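The values are calculated or read from the model by the stated rules, or taken from the named source; none is laboratory data. Since the structure is predicted, the reported quantities are computational estimates derived from the model, not experimental observations. Here the Cβ positions follow ideal geometry from the backbone for every residue, glycine too, while neighbour counts run over all protein chains shown.
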Amino acid sequence: MKSRVIVLMIVVGTLLPAIASGEVIHLKNGNTLQGEVESTKEQEVTVNIPGLGTLTLKRDEIASIEDLPRGEQQADASHSP
């Protein structure tokens with residue numbers, strides 16, 4: 001299961017410039033995801049990633065979550081933290 005999540009993160013990271021949504025999630029492993037945070041719980045965050053669906057991340061995998069102003073979404077998504 002863990003390897004499937006890692007593969008999904010790599011695919012999502014490759015597609016980031018084409019996805020325009022509300023938040024950027026910086027993961028502790030260096031990957032970045034962009035999507036709409038659907039829910040936050042004590043131990044996990046659920047993110048809807050356009051074109052890929054819903055992904056639930058453990059809080060201890062997340063370094064930070066950043067809101068993006070609408071006009072800056074695609075430009076900022078391609079930069080690493």
- [ ] Scan region 23-69 residue by residue and report those that are surrounded by 15 or more Cβ atoms within 10 Å (Cβ to Cβ), in contact (Cβ under 8 Å) with a residue 40 or more places away in the chain and of a type outside the set (A, V, I, L, M, F, W, C).
- [x] GLU23, HIS26, THR32, GLN34
Open item on the list: For region 38-59, give me the residue count where each residue is at pLDDT 90 or above and assigned to a loop (DSSP other than H, G, I, E, B).
Closed with: 3
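Taking the condition of being in a strand (DSSP E or B) and charged (D, E, K, R), how many residues in region 21-37 meet it?
Adding up the residues that qualify gives 2.
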Open item on the list: Need the failing condition index for SER80 against (1) over 11 Å from the mean Cα position of the chain (by Cα); (2) at pLDDT 90 or above, just the number.
Closed with: (2)
